[in-house]
Amino acid sequence: MYLGEVCTAAGERWELQLKGAGPTPFSRQADGRKVLRSSIREFLCSEAMFHLGIPTTRAGACVTSQSTVVRDVFYDGNPKYEKCTVVLRIASTFLRFGSFEIFKSADEHTGREGPSVGRNDIRVQMLDYVIGTFYPEIQAAHADNSVQRNAAFFREVTRRTARMVAEWQCVGFCHGVLNTDNMSIVGLTIDYGPFGFLDRYDPDHVCNASDNAGRYAYSKQPEVCKWNLQKLVEALEPELPRELGEAILAEEFDAEFRRRYLQKMRRKLGLVHAELEDDGVLVAKLLETMHLTGADFTNTFRLLSSFPVGPEPQGMPEFLDALTAQCASLEELKLAFRPQMDPRQLSMMLMLAQSNPQLFALIGTRASVTKELERVEQQSRLEQLSSAELLSRNRSHWADWLQEYRARLEKDREGAGDSDTWQAERLRVMRANNPKYVLRNYIAQNAIEAAENGDFSEASRHLPLLRPWVRQQGLGEEGRAGPKTPLLALLQVRRVLKLLEAPYHREGEAAEVPEAEGAGGAHSGGRSYGSKPPLWAAELCVT
C-alpha cells in the first residue's frame, strides 16, 4: 500500500510504502497480510544490500502485533498461525516496469489485458512524471523531442538494470521472483520475497522453492532482467517505437552488464592495474572450479586476499588447506543431491515418457525428471567416493586454477612498479569488495526463530542504549518480554543488523580467515556468521 512521500531538509524526495497493510482489489483473493518471518527477512536484507553498496529500497521500520493469519509455510498441508507484521519501505519511487503494463492490450497467448487498457493519456502523463521527476537531466536535454527523450530514458533504465543485476551476481544474491512488477523503474532492488544468497556455489541454484522450473535461477537472472526490459519496451509503445527500444536494449544491456560484472570481478580478485582480455576466462574458470568443488561463494572470494604471492611464496600448503575447507564435504554433497522423487514415482514418469510422450510433455515434467535422473546419477557417484578422494580431487582442481591466478597477479604487479605498494593496494581493494557477511538463510532463520519465540537474550546486550524505551514498555532488565509487549519481538534482529551494516573488512581490523563448518566462533552457538553455514542450513525452504 502506498503511504505517501516525505522531503528531507536537503530537498530530497522519498516515497514510503507499507508492505502487508491489507487486501487490495488486485490481491488475487488473498488477505494481503504480511507475517513476521518474511518481514524480518525483508527488513534485514534490504539493509544488508544497502551496506553492500547495491541499489535498493530501504527498511524504515518493522512492526508486529498479536493479530494472526493462517499460512501454509511450505505448501505441505501443515498450516499454522503466524503474527501479522508491517514493513515500512523507503525509496525514491515504487513505480515498476509493471506499472506501465496496466495499459497493455490483450496478450496474444492469454487474452489478458491491462486494467487501464486504452488510457494512453494516463500512460503519457505517467511517463512525463517519471522522466521529469527521476531523470530531470534527460528531460532537460530533450525537452523539444519526446521520442528522443523517451529513448534516452529507456537507455538509462537499461544501463541501471544491467549494473544492478551485475552487482547481484558478484555477491551471489538471488532475487527469487523477477517478474516485471518486481523491477524498479529507477534501477533499485525491490520486493524481497523468497530471496537468498549463495552458500555452496551452484549456477543453477533456485532460492524460491515454488519455482519448480528454475526460471529465476541464479545464472538466469541477467537474461530474465533483459526479458523484463523487453516487456517494458512493449508497454511504452507508441511513445517509444518498439524498433527503437529493441535496438537500444540489444546495444546496451549485454555490454553494460559485462562491463560492470568484469570490473567488479577484477576488484574481487585484486587485479588493480592491468585489464586484460582474458580476465573473463579467468573468472569463468574460477566459477567452474568453485562449482566442481562445491566451494562457498562468499568465503572463497574472501580467502583469496590471503593468497601467497611473490617470487618465492610461503604458506601455499596452508592456503590450500584453508581453501579446501570451504569446499563442500561429502556429507554436504550427498544432502544436496539427494533424490526428490519417490523411486516408484520416477519409474512411473519414465514409463509414461516412453509410452505416451505427448502426454508426458503436456504435464510439463520433463525438466524435473531430467533433473531427478541427474541427482540419482550424482548420488551413485558420491557413494563410490571417499572423503580422502574428494579432498585430493578438490586440491587438484584448486591447484590448477591458482597456477593461472598467480600468473595473472604477476602481470598485474609488473605494471605497478613498487611491489609493496601494489600488494597493499591489492589487499585494500579485495577487502573492500569481498564481504565477510551476507544474509545467509540460516542467519535470517536464527533471528526469525528468536523473534517468534519472544527471545530477547540477543537484544539484552544493547539494554544500556534501550533502557528508557524498555522501561516504558514494561520489560525486565533481562530483556524478557511479557505477553503485552509484541512490538519488541523484533529487537533480537538488531545484532544481526549490526553485522550486516559492516559487511566488509575495516581498516585496522586483523585479517580474519573464514572458518570451516564445525569450527568455533563468536556467534550462533559457537559458530561465526563469517564461517561456512551449518549442515541444517541446506534443509531450509523459502517460498
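The values are calculated or read from the model by the stated rules, or taken from the named source; none is laboratory data. All values derive from a computational prediction rather than experimental measurement. Neighbour counts run over all protein chains shown; Cβ positions are idealised from the backbone, glycine included. For accessibility, only protein heavy atoms count, side chains too; no ligands or nucleic acids. Shrake-Rupley method; radii C 1.70, N 1.55, O 1.52, S 1.80 Å.
Remarks
- Among the residues of region 92-107, those that are of a type in the set (A, V, I, L, M, F, W, C) and either in a loop (DSSP other than H, G, I, E, B) or buried (at least 20 other Cβ atoms within 10 Å of the Cβ) (or both) comprise PHE94, LEU95, PHE97, PHE100, PHE103, ALA106.
- Contact map, region 65-78: residues that are on the phi > 0 side of the Ramachandran plot and acidic (Asp, Glu) paired with residues that are surrounded by 13 or more Cβ atoms within 10 Å (Cβ to Cβ) and assigned to a loop (DSSP other than H, G, I, E, B), Cβ distance under 8 Å, separation 6+ or inter-chain. No pairs are found.
- For region 119-144, filtering for residues that are in a loop (DSSP other than H, G, I, E, B) and open to solvent by less than 60 Å² (accessible area, probe 1.4 Å) leaves 2.
- Restricting attention to region 47-83, the residues that are of a type in the set (S, T, N, Q), at pLDDT below 95 and either surrounded by 13 or more Cβ atoms within 10 Å (Cβ to Cβ) or out of contact with any helix residue (DSSP H, G or I) (no Cβ under 8 Å at 6 or more places or on another chain) (or both) total 5.
- When restricted to residues that are part of a loop (DSSP other than H, G, I, E, B) and without any contact (Cβ under 8 Å) to a residue 24 or more places away in the chain, region 152-190 contains 0.
- Matching residues in region 87-115 - criterion: being at pLDDT 90 or above and either more than 20 Å from MET183 (Cα to Cα) or of a type in the set (Lys, Arg) (or both): ARG89, ARG96
- For region 377-412, a residue qualifies if it is aliphatic (A, V, I, L, M) and surrounded by fewer than 15 Cβ atoms within 10 Å (Cβ to Cβ), and the qualifying residues are LEU385, ALA388, ALA399, ALA407.
- Residues located in region 266-299, provided they are farther than 20 Å from GLU414 by Cα, in a helix (DSSP H, G or I) and of a type in the set (A, V, I, L, M): VAL281, VAL283, ALA284, LEU286, LEU287, MET290, LEU292
- Tally of residues being hydroxyl-bearing (Ser, Thr, Tyr) and open to solvent by less than 20 Å² (accessible area, probe 1.4 Å) across region 186-217: 3
- When region 191-214 is filtered for residues that are in a loop (DSSP other than H, G, I, E, B), in contact with a Leu (Cβ under 8 Å, 6 or more places away or on another chain) and of a type outside the set (Ser, Thr, Tyr), the ones remaining, listed by number, are PRO203, HIS205.
- Subset of region 318-351 that is at pLDDT 85 or above and among the charged types (D, E, K, R) - its residue that is least open to solvent (accessible area, probe 1.4 Å): GLU332
- Picking from residues in region 188-232 that are closer than 12 Å to VAL165 by Cα and charged (D, E, K, R), the one that is farthest from the chain's Cα centre (by Cα) is LYS226.
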